[in-house]
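Q: Submitted below is the structure of interest, expressed as C-alpha cells.
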Amino acid sequence: MFWHGDPPRRLERLAIRSFLAQGYALTIWTYTQQPNLPPGVTTADAAAILPRSALFTNRRVSIASFADWFRYIVLSRHGGLWTDSDVIVLRPAAALPAQKFLVTQRAWFHRRLRPRGWTTTLNNNVIFNPTPTKGDVIDLALAVAERFPKDAID
C-alpha cells in the first residue's frame, strides 16, 4: 500500500486491520511518519522507490495516478500483493493462489461505446505479482506509466 497526506481514516485503518487479522505481512510505503497505524504494520520509505519530488497530482488534485505509477515500480522490483488502502481482505494469506492475478471487471457502462458487446477492463486496486518477470503485465504497465505525460492526466 502507498499512503500520502493526512493519517489514515477509519476505513483505511479497518482495511489495514483486516490484512493483519488474516495473517498478511503488510508494508505501507509513505514519505512521512504515520502515527495512526495499527501495531503490526511495517512502514517503508517511499523515497526508496521514487523521490518525493516525483510526486504529482492530476488536474483534480488527486494522487491516484502517481500511486498507480508507484505500485507498478514496487511490483516490478519486489513483487508481492498490492492493494489500495480501502480494500478489505476476507481470506487468509495462505489462500493466495501461486499464480499472478489482476482484478478484472465487465464494464457495462462501456456498452454505449461498444454496442456489440461488453468490455473487460483491468482494475489495479488488487494485483498479485509474486515473481516479477520482464515483459509481464506489470512491466508493460510500468513502461506506459513512465512514458505518459504527467500533466495530461485528468
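Read-outs: derived from the displayed coordinates by stated rules, not from any lab. No experiment lies behind these values; they were computed from the predicted model shown. No Cβ is skipped: glycine too gets one built from the backbone with ideal geometry, and neighbour counts run over all protein chains shown.
Q: Quick check: pseudo-label points 7 Å beyond the Cα along Cα→Cβ at GLN34 and ARG10, how many nm apart are they?
A: If labels sit at GLN34 and ARG10, their model points lie 1.9 nm apart.
Q: Non-local amide H neighbours of ALA44 (under 5 Å, H modeled in plane, Pro and chain starts lacking H): which ones?
A: Here ILE28, TRP29, THR30 satisfy the definition.
Q: Pop the C-beta distance of GLU146 and ARG77 into the FRET formula with R0 = 22 Å and round what comes out to the nearest 0.05. Write out the running numbers ahead of the final one.
A: Numbers: r = 13 Å, r/R0 = 0.61.
So, using R0 = 22 Å, E works out to roughly 0.95.
Q: Moving on to the next point. So the label point goes 7 Å from the Cα of ALA94 along Cα→C-beta, right? Which residues of the stretch 1-43 then have their backbone N under 12 Å from it?
A: 23
Q: For the stretch 20-94, with the dipole built from +1 on Lys and Arg beta-carbon atoms and -1 on Asp and Glu ones, taken about the Cα centre, which of THR83, THR43, TRP69 lies farthest toward the positive end?
A: Looking along the dipole axis, the top candidate is TRP69.
Q: Under 5 Å between amide H atoms, partner at least 5 residues away or on a different chain: which partners does GLY80 have, H built in plane at 1.01 Å?
A: For GLY80, the qualifying residues are ASN129, THR131.
Q: For ALA25 and THR57, what is the calculated FRET efficiency with R₀ set at 41 Å and r taken between the beta-carbons, to the nearest 0.05? Each step should come with its number before you reach the end.
A: Details: r = 30 Å, r/R0 = 0.73.
With R0 = 41 Å, the Cβ-Cβ based efficiency is 0.85.
Q: How much length, in nm to one decimal, is gained on full extension between ALA64 and VAL126, taken as 0.36 nm per residue of separation minus their Cα-Cα distance?
A: Values: separation 62, 0.36 × 62 = 22.32 nm, distance 1.41 nm.
Gain on extension, ALA64 to VAL126, equals 20.9 nm.
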